[in-house]
Amino acid sequence: MDDFLLFLKKSPTVYHAAEEIARLCKKAKFIELDEGSAWKLKAGVGYFVVRGGSLVAAFRTPKEKVNSAVLLASHIDSPCLKLKPQAEQVQRSVGELCTESYGAPLLHTWMDRDLVLAGKVMFLTQDQKIRSHTICLEKYPVVIPSLALHLDRGIGEKGVLIHKQDHLKAIFSLDAKEKTFEKWLLAECKGHALLGFDLFLVSAQQPTLWGKNHEFLSGARLDNLTSAYAACVAVCEAKARKDVLQVALFFDHEEIGSVSAQGADSLFVEQLLERIAIGLQMEKEDVYRMKSKSLCISGDLAHGIHPNFLEKFDLQNAPELGGGVVFKYNANQKYATSSMTAAQLLAIAKKHKIPTQTFASRSDIPSGSTIGSMLAANTGIATIDVGISSWAMHSIRETIAIQDEMDLCKLFSVALEEA
């Protein structure tokens with residue numbers, strides 16, 4: 001788990017995660033491709049491409065003509081608080097940064113915590129060239145203080161009520177001066193003029209192992225760095241197969257609907273497969289035949305049964321932390337899993353003695369969704385949704401069992417080798 005912990009620490013935002021995945025691909029001797037250049041592909045070689053700084057696709061071509069493909073799909077964005085474009089303001093000499101919700105974070109978990117700013121900054125250099133820089137401002141921590149109990153006496157009965165516009169401003173100074181925040185960014189980037197940024201508040205607390213036997217792991221962005229890490233390890237360590245294309249996809253914007261150039265509901269996968277086919281001198285007919293024989297495994301975090309809230313779960317379909325890889329089902333196609341799509345992967349799991357379990361939500365408490373169904377609809381490839389169990393999903397600090405992550409890594413690896 002040391003490598004996984006390091007991956008978490010190096011991935012405070014989607015941009016950092018994309019850079020770390022790219023770094024690991026390069027370490028595994030994958031060749032970087034540019035979407036704006038012609039792709040000349042060779043058999044049995046690993047390649048990767050990055051779009052917009054927040055989507056990564058890695059693939060390894062087979063030794064011979066492509067017959068089918070195995071795709072591992074995940075997302076690397078997470079629910080959080082994002083800075084508004086004009087973020088800095090002063091209230092009674094107190095410097096604040098205005099935020100808005102990205103996705104659906106558990107807002108109360110962001111209060112009274114050490115936070116740092118991280119993400120992408122665009123700026124002009126001294127010679128008027130546009131540059132970007134991925135930053136993490138660890139030396140400038142901020143906090144969103146909550147209101148004292150004495151000023152909200154009913155909080156014990158009604159709970160924490162957070163006004164998204166007024167109550168989620170991060171405080172950074174008692175003596176705010178004009179454009180302090182802009183000066184921070186330019187100093188960090190060594191830039192001449194600020195053009196813009198995509199910055200998020202992220203937890204300053206590092207992931208930790210805990211429990212009687214250190215069996216738990218708590219940290220930020222486990223949704224969905226758990227699946228992303230497993231897919232990255234699997235594709236980097238896989239051996240080229242005879243006639244099977246191996247692909248790992250790491251998308252942005254899943255938490256806000258995936259409708260973007262870097263999201264899973266774009267044309268990216270279709271275009272990727274077509275460009276691979278062109279690079280390998282395949283016919284268009286070959287692409288359709290390949291997809292009909294292929295399998296896509298969508299990985300995302302699942303809700304593990306919580307001992308303090310048993311009434312929120314369907315007890316017959318509630319996965320446990322430490323119980324193995326979760327196969328996620330939903331009658332209304334929020335997940336793409338069916339008995340037919342799951343059969344091959346379940347057989348592989350049984351062969352390698354990888355524990356599995358099922359998730360289905362209570363019929364009166366709808367579950368969330370992920371990218372599996374949209375990938376199935378957009379590509380026509382048989383798809384299954386899997387993941388591992390967690391507590392406190394969408395909190396700033398989520399919890400998993402480390403054995404589950406190890407099982408997911410193993411399942412993704414053997415799937416790329418055998419599916």
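The values are calculated or read from the model by the stated rules, or taken from the named source; none is laboratory data. Quantities reported herein were computed from a predicted structural model and do not represent experimental measurements. Don't worry about glycine lacking a Cβ; one is built from the backbone with ideal geometry, like all the others, and counts go over all protein chains shown. For the accessible areas, the whole protein counts, side chains as well, though only heavy atoms, and no ligand, DNA or RNA atoms are used. Shrake-Rupley method; radii C 1.70, N 1.55, O 1.52, S 1.80 Å.
Please find, within the stretch 212-227, the residue that is surrounded by the fewest Cβ atoms within 10 Å (Cβ to Cβ) out of those that are assigned to a loop (DSSP other than H, G, I, E, B) and touching a helix residue (DSSP H, G or I) at 6+ places or on another chain (Cβ under 8 Å).
If we take residues in the stretch 212-227 being assigned to a loop (DSSP other than H, G, I, E, B) and touching a helix residue (DSSP H, G or I) at 6+ places or on another chain (Cβ under 8 Å), then H214 is surrounded by the fewest Cβ atoms within 10 Å (Cβ to Cβ).
Table: residues versus (1) under 30 Å from R289 (Cβ atoms); (2) at pLDDT 95 or above; (3) under 23 Å from the mean Cα position of the chain (by Cα).
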site: L321; (1), (2), (3): no, yes, yes
site: P366; (1), (2), (3): no, no, yes
site: V386; (1), (2), (3): yes, yes, yes
site: E417; (1), (2), (3): yes, yes, no
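Does L8 fit the bill of being open to solvent by 10 Å² or more (accessible area, probe 1.4 Å), aliphatic (A, V, I, L, M) and in a helix (DSSP H, G or I)?
Answer is yes for this residue.
Are any of the residues in the stretch 79-95 assigned to a loop (DSSP other than H, G, I, E, B), in contact (Cβ under 8 Å) with a residue 60 or more places away in the chain and within 19 Å of the chain's Cα centre (by Cα)?
yes
For the stretch 296-311, what are the residues that are in contact with a helix residue (DSSP H, G or I) (Cβ under 9 Å, 6 or more places away or on another chain) and over 11 Å from T379 (Cβ atoms)?
Result: I297, S298, G299, D300, L301, H303, G304, I305, H306.
List every residue pair whose Cβ atoms lie under 6 Å apart, where the two residues are 6 or more positions apart in sequence or sit on different chains, the first residue falls within the stretch 270-299 and is on the phi < 0 side of the Ramachandran plot and of a type in the set (V, I, T), and the second residue, located anywhere, is open to solvent by less than 10 Å² (accessible area, probe 1.4 Å) and not in a helix (DSSP H, G or I).
I297/L72; I297/I384
Being outside any helix (DSSP H, G or I), β-branched (V, I, T) and either open to solvent by 10 Å² or more (accessible area, probe 1.4 Å) or more than 21 Å from S413 (Cβ to Cβ) (or both) is the requirement here; does I278 meet it?
In short, no.
Tally up the residues in the stretch 142-167 that are surrounded by 14 or more Cβ atoms within 10 Å (Cβ to Cβ) and either at pLDDT below 90 or within 30 Å of R131 (Cβ to Cβ) (or both), please.
Number of matching residues: 2.
Which residues, counting only those in the stretch 314-339, are among the aliphatic types (A, V, I, L, M), more than 19 Å from M374 (Cβ to Cβ) and open to solvent by 10 Å² or more (accessible area, probe 1.4 Å)?
If the condition is that a residue be among the aliphatic types (A, V, I, L, M), more than 19 Å from M374 (Cβ to Cβ) and open to solvent by 10 Å² or more (accessible area, probe 1.4 Å), then L315, A318, L321 are the ones that fit.
Hey, could you check the stretch 228-253 for residues that are farther than 16 Å from F59 by Cβ and in contact with a helix residue (DSSP H, G or I) (Cβ under 7 Å, 6 or more places away or on another chain) and say which is surrounded by the fewest Cβ atoms within 10 Å (Cβ to Cβ)?
So the residue we want is D252.
Run down G52, G46 and say which single residue is touching a Lys or Arg at 6+ places or on another chain (Cβ under 8 Å), within 25 Å of D300 (Cβ to Cβ) and either at pLDDT 95 or above or small (G, A, S) (or both).
G46
Which of the numbered conditions does T109 fail, given that it passes all the others? Conditions: (1) hydroxyl-bearing (S, T, Y); (2) open to solvent by less than 30 Å² (accessible area, probe 1.4 Å); (3) part of a strand (DSSP E or B).
(3)
Would you be able to tell me the number of residues in the stretch 349-365 that are more than 18 Å from F412 (Cβ to Cβ), among the small types (G, A, S) and surrounded by 14 or more Cβ atoms within 10 Å (Cβ to Cβ)?
Summing the residues that are more than 18 Å from F412 (Cβ to Cβ), among the small types (G, A, S) and surrounded by 14 or more Cβ atoms within 10 Å (Cβ to Cβ) in the stretch 349-365 gives 2.
Tell me which of these L194 doesn't satisfy, since it passes every other one: (1) farther than 27 Å from L225 by Cβ; (2) part of a helix (DSSP H, G or I); (3) modelled with pLDDT of 90 or more.
Looking at each condition in turn, L194 falls short on (2).
Hey, any hits in the stretch 26-41 for a residue that's touching a strand residue (DSSP E or B) at 6+ places or on another chain (Cβ under 7 Å), crowded, with 21+ Cβ neighbours inside 10 Å, touching a residue at least 24 places away in the same chain (Cβ under 8 Å) and within 27 Å of G219 (Cβ to Cβ)?
No: the stretch 26-41 contains no residue that is touching a strand residue (DSSP E or B) at 6+ places or on another chain (Cβ under 7 Å), crowded, with 21+ Cβ neighbours inside 10 Å, touching a residue at least 24 places away in the same chain (Cβ under 8 Å) and within 27 Å of G219 (Cβ to Cβ).
Check S258 against each of (1) part of a loop (DSSP other than H, G, I, E, B); (2) within 22 Å of S78 (Cα to Cα); (3) open to solvent by 10 Å² or more (accessible area, probe 1.4 Å) and name the one condition it does not meet.
Every condition holds for S258 apart from (3).
With touching a residue at least 12 places away in the same chain (Cβ under 8 Å) and not in a loop (DSSP other than H, G, I, E, B) as the only criterion, which of K120, K164 stands out?
K120
Restricting to the stretch 385-419, give me the number of residues that are closer than 16 Å to H75 by Cβ and open to solvent by less than 20 Å² (accessible area, probe 1.4 Å).
The total comes to 8.
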